Amino acid sequence: MDVLKILFLLLFLPLLQACQIDYIIKSGYEQAKILSNRVDNEDILKDPNMPEEQKRKLRLAEEAKAFAESELGLAHSKNYSSFVKLDRPYASYIVSAAPKFKLEHQLWTFPIVGSLPYKGYFSEQEAQDEAKKMERDGFDTYVRGASAYSTLGYFRDPILSSMLRYQDSDLVNLIIHETVHVTLYIKSSADFNERMAVFLGNKGTEAFYRKKEGPSSETLKNIYSENNDEAIFSKFITEENRRLKSWYEEQKSPSEESKAEQLKNIKINFSKLIRPQLKSKSYANFAEANLNNAYLLALSTYVADLDDFEKAFIKNDQDFKKTIEFFKQLQNTTKPEDTLKQLVL
């Protein structure tokens, strides 16, 4: 059945630019390879060659999925009932790009999902090659590894070996995050989709450990600290990106040197104002990162304006299921993140 779905998606090829066709075919082939290597969790858990720690994490992932569906009201699916061992540390490698002197996403268009501010590859070398090509064309770029991704319910996503490298609470968060995408995904609205999944992943993980270990567990205290740090960092990066965007718009001909000074100031502001507030290690290395427009926008896609989602959560009595239904009202809006901002004023 999954192979038939891949063939169906390939019917969209005539609608794509020629340069995208080769990419889609390669991606479809790599996705088919992953799907063909799935092994049912039941069989993996009986395998004497599978390390016991990985078996434990498999069971935890299954538990998180069951909780997301039964307790949080997320979509039921056949995801995460199988396992695939990859021959690489990450499931995919993500390329983001932005003009050198404009804080604006470079977008790529795909079947089904629409326009995205990133492009994924199953090969790290191909991702690096794409980044180098974009740099030659005058773009800032950022390449990162991703341990998982969602096919939005079109295929039965397996648990990947790359996911089992996560700490327990991060694995739970990842499962809930990706299940949010299956539950609600608005075409060509990556910023909204990812921020919603980050926010609900955080809240869902809190709920999971409150039930599993109780309200006073050390695990839950650490999760609260990490989520609070993310809220602090969200406000910081939201404001810094807005300021930088305005600075670019005001400049008639910005130079590399003046841009570097602006990026340096972001790091200084973080070190002076934000780092002392953080209780976890979540963003400890931000001041040492190689900042450019692509990197800042990639952060923005995932964590900017999270306070809008917090306001929506409070507006809906901090009830996860009610909040999901509230977000579903935005499915037919052009810019759901802007509509959300108006709704929670």
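For every residue, the table says whether it meets (1) crowded, with 19+ Cβ neighbours inside 10 Å; (2) touching a helix residue (DSSP H, G or I) at 6+ places or on another chain (Cβ under 8 Å); (3) among the small types (Gly, Ala, Ser); (4) within 22 Å of THR334 (Cα to Cα).
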residue: LEU103; (1), (2), (3), (4): yes, yes, no, yes
residue: PRO111; (1), (2), (3), (4): no, yes, no, yes
residue: LEU116; (1), (2), (3), (4): yes, yes, no, yes
residue: LYS119; (1), (2), (3), (4): yes, yes, no, yes
residue: PHE122; (1), (2), (3), (4): yes, yes, no, no
residue: GLN125; (1), (2), (3), (4): no, no, no, no
residue: ASP129; (1), (2), (3), (4): no, no, no, no
residue: LYS133; (1), (2), (3), (4): no, no, no, no
residue: ASP137; (1), (2), (3), (4): no, no, no, no
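In the range 291-310, the count of residues that are of a type in the set (A, V, I, L, M), loosely packed, with under 15 Cβ neighbours inside 10 Å and more than 20 Å from GLY73 (Cα to Cα) is zero.
Taken over the range 65-86, the criterion of being in a helix (DSSP H, G or I), out of contact with any helix residue (DSSP H, G or I) (no Cβ under 9 Å at 6 or more places or on another chain) and either among the aliphatic types (A, V, I, L, M) or under 16 Å from ILE159 (Cα atoms) (or both) is satisfied by ALA66 alone.
Considering only the range 286-294, I want to know if a residue exists there that is over 20 Å from PHE139 (Cβ atoms), part of a loop (DSSP other than H, G, I, E, B) and at pLDDT 95 or above. Lay out the reasoning, then the answer.
Step one: list which residues in the range 286-294 are over 20 Å from PHE139 (Cβ atoms), which gives 286-288.
When the remaining residues are screened for being part of a loop (DSSP other than H, G, I, E, B), the result is none.
Scanning the range 286-294, I find no residue that is over 20 Å from PHE139 (Cβ atoms), part of a loop (DSSP other than H, G, I, E, B) and at pLDDT 95 or above, so the answer is no.
Would you confirm, using the coordinates I've provided, whether LYS272 is surrounded by 12 or more Cβ atoms within 10 Å (Cβ to Cβ), among the basic types (Lys, Arg) and in a helix (DSSP H, G or I)? Against the criterion (surrounded by 12 or more Cβ atoms within 10 Å (Cβ to Cβ), among the basic types (Lys, Arg) and in a helix (DSSP H, G or I)), LYS272 does not qualify. In the range 20-42, the count of residues that are assigned to a loop (DSSP other than H, G, I, E, B), modelled with pLDDT under 95, loosely packed, with under 14 Cβ neighbours inside 10 Å and not basic (Lys, Arg) is zero.
Counting only residues that are part of a helix (DSSP H, G or I) and touching a helix residue (DSSP H, G or I) at 6+ places or on another chain (Cβ under 7 Å), which one in the range 238-255 is surrounded by the most Cβ atoms within 10 Å (Cβ to Cβ)? Restricting to residues being part of a helix (DSSP H, G or I) and touching a helix residue (DSSP H, G or I) at 6+ places or on another chain (Cβ under 7 Å), the top hit is GLU240. The single condition from (1) over 28 Å from LYS132 (Cβ atoms); (2) of a type outside the set (S, T, N, Q); (3) in contact (Cβ under 8 Å) with a residue 40 or more places away in the chain that PRO254 fails is (1). Looking at the range 109-176, the strands (runs of 3 or more DSSP E) lying wholly inside it that each contain 3 or more residues that are in contact (Cβ under 8 Å) with a residue 12 or more places away in the chain and within 20 Å of TYR29 (Cβ to Cβ) sit at 119-121. All conditions but one from (1) surrounded by 15 or more Cβ atoms within 10 Å (Cβ to Cβ); (2) farther than 26 Å from HIS177 by Cα; (3) out of contact with any strand residue (DSSP E or B) (no Cβ under 9 Å at 6 or more places or on another chain) apply to SER258; the one that does not is (1). Looking at (1) more than 24 Å from LYS33 (Cβ to Cβ); (2) within 16 Å of the chain's Cα centre (by Cα); (3) modelled with pLDDT under 95, can you tell me which one SER96 breaks? Result: SER96 fails condition (3) only. So, ALA260, is that one more than 23 Å from ARG56 (Cα to Cα), over 20 Å from the mean Cα position of the chain (by Cα) and among the small types (Gly, Ala, Ser) or not? Yes.
The values are calculated or read from the model by the stated rules, or taken from the named source; none is laboratory data. Only a predicted model underlies this, so the values are computations on that prediction, with no experimental measurement involved. Cβ coordinates were reconstructed from backbone atoms using ideal geometry, including for glycine residues, and neighbour counts include every protein chain displayed.
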